[in-house]
1. Taking neighbour Cβ counts within 10 Å as the exposure measure, how do L15, L82, L20 sort from fewest upward?
2. Grab the Cα-Cα distance for V149 and K78, subtract it from 0.36 nm times how many residues apart they are, and report the gain in nm with one decimal.
3. Among A26, A77, A88, which one shows the biggest mean-square fluctuation in a GNM of the chain, springs joining Cα atoms closer than 10 Å?
4. Along each principal axis of its Cα atoms, how long is segment 10-163 end to end? Whole angstroms, biggest number first, please.
5. Classify segment 60-144 as rounded, prolate or oblate from the Cα gyration tensor: take a ≥ b ≥ c as the square roots of its eigenvalues, call it rounded if a/c is under 1.5, otherwise prolate when a/b beats b/c and oblate if not.
6. In terms of Cα to Cα distance under 17 Å, which aspartates and glutamates are near enough to K135, apart from those fewer than 8 places away along the same chain?
7. If neighbour count is taken as other Cβ atoms inside 10 Å, put R103, R54 in order from fewest to most.
8. For a label point 7 angstrom out from the Cα of S35 toward its Cβ, which stretches of segment 76-110 have the backbone nitrogen within less than 15 Å?
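Derivation of every value follows stated rules applied to the coordinates shown; laboratory data play no part. Being a predicted model, the structure only gives us computed values, none of them experimental. Cβ: placed from backbone, ideal geometry, glycine included. Neighbour counts: every protein chain shown.
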Amino acid sequence: MTVKTNEKGSVTIVLFSGDLDKAIAAFVIATSAASMGKEVNIFFTFWGLNVIKREGGLIKGQNWMQKMLNIMNRGHAKKLALSKMNMAGMGPMMLKMMMAQKRVPSLREFIDMARELGVKFYACEMSMTVMGLVKEDFIDECQEIIGAVSYLSKAGDSNVNLFI
């Protein structure tokens, strides 16, 4: 029998997707768990890094392939597409309008709420290296750059692990 040291439990989320709907789902779960007093960690990797990129031109990279990847993938929280029915950008616009009408927070508001609730944001070191990104390319909420071993340590101590 394994005894968890954190009585309230903890939640670890791997956010692999850069899709708006999946990012919102991850933040709904993260903020809900944090509001219940749980420790919450979100590990952003590959396309999920777009959720925490700073706004502005991120044509970064050390070689032409990294630069091309970042030109084609200039996302940040306000520019994410939907996983389905993106409709050349109309889908996210419509979803944001419907969310606002129902007083559902925007992704940026969820990010702010998560920060206020103590959710910890971690960027994947290997994904950043592959894509030619550095810590300064990310929003201030991103506390640390960690690798798979550190993520696995956090996940191993968690009661709930999700891959989105």
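1. L82, L20, L15
2. 22.5 nm
3. The residue that fluctuates most here is A88.
4. 45, 41, 24
5. Since a/c reaches 1.5 but b/c is at least a/b, the shape of segment 60-144 is classed as oblate.
6. Qualifying aspartates and glutamates at Cα under 17 Å: E55, E125, E144.
7. R103, R54
8. It comes to 103-107, 109-110, nothing else.
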